[in-house]
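Values quoted throughout were computed directly from the atomic coordinates according to the rules given, and no laboratory measurement underlies them. As the structure is a prediction and not an experimental result, all values here were calculated from the model. Methodologically, a virtual Cβ is constructed for each residue, glycine included, from the backbone with ideal geometry; neighbour enumeration extends over all protein chains shown.
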Amino acid sequence: MINFSEYIRNIPDFPVKGIQFKDITTLLKEGDVFAAAVDQMYGPYKEEEINKIVGIESRGFIFGAAMAYKLNAGFIPVRKPGKLPAETLSEEYQLEYGTDSLEVHLDGIEAGDRVLVIDDLLATGGTAQATCTLVEKLGGQIVGLSFLIELTSLKGREKLSKYRVHSLIQYEI
């Protein structure tokens, strides 16, 4: 069994002082480790008849696309405002100081789609919660959420308590 946390590089004070950034590039560069991580993120959901994977900008695209391939599902990107070319639906969410928003193409999710939401990191849960709201507003059903890393002390899982949440690596920061 691979200890995935051994492949995560900690960068102190990035992008600002006091943050312990979890750099996943050290895991991504190891093909067998990256493949094993995708397999383990996919495992809990492989029997769920998922037809859409929603990846959250930007590192969620890396894992989301790989999971979409494994599940033979469509891949739908959720992005920051102004990054998607067609008509979008937007959802605002709270940050520590202010707000931000995410967008998805209106035609990305259809009523009845069974959706798995993917991102590299679960921290406070704001972006994941906004993403789930977008999916549900378009008529999709959230089957679950899968993350490479969870920062448990930030309690993001609590915001997502109505969903099935899986994370591969947990850090208490």
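Comparison of G144, G126, G140, G112 shows that the only residue that is crowded, with 21+ Cβ neighbours inside 10 Å and touching a strand residue (DSSP E or B) at 6+ places or on another chain (Cβ under 9 Å) is G140.
Filtered by the rule that a residue be within 16 Å of the chain's Cα centre (by Cα) and either in contact (Cβ under 8 Å) with a residue 40 or more places away in the chain or surrounded by 19 or more Cβ atoms within 10 Å (Cβ to Cβ) (or both), region 24-33 gives a lone residue, I24. Listed by position, the strands (runs of 3 or more DSSP E) inside region 74-149 whose residues that are touching a Ser or Thr at 6+ places or on another chain (Cβ under 8 Å) number at least 3 are 88-95, 98-105, 114-122.
Tallying residues that are in a strand (DSSP E or B) and not hydrophobic (A, V, I, L, M, F, W, C) within region 151-173 yields 4. Filtering region 54-66 to residues that are touching a residue at least 60 places away in the same chain (Cβ under 8 Å) and surrounded by 24 or more Cβ atoms within 10 Å (Cβ to Cβ) leaves V54, G55, I56, G60, F63.
For region 67-88, filtering for residues that are over 17 Å from I50 (Cα atoms) and loosely packed, with under 12 Cβ neighbours inside 10 Å leaves 4.
Going by the structure shown, is Y42 farther than 16 Å from G126 by Cα and crowded, with 16+ Cβ neighbours inside 10 Å? Yes: the conditions hold for Y42. Can you say whether E91 is surrounded by fewer than 22 Cβ atoms within 10 Å (Cβ to Cβ), in contact (Cβ under 8 Å) with a residue 40 or more places away in the chain and under 30 Å from V33 (Cβ atoms), as far as the supplied structure shows? For E91, the condition - surrounded by fewer than 22 Cβ atoms within 10 Å (Cβ to Cβ), in contact (Cβ under 8 Å) with a residue 40 or more places away in the chain and under 30 Å from V33 (Cβ atoms) - is not met.
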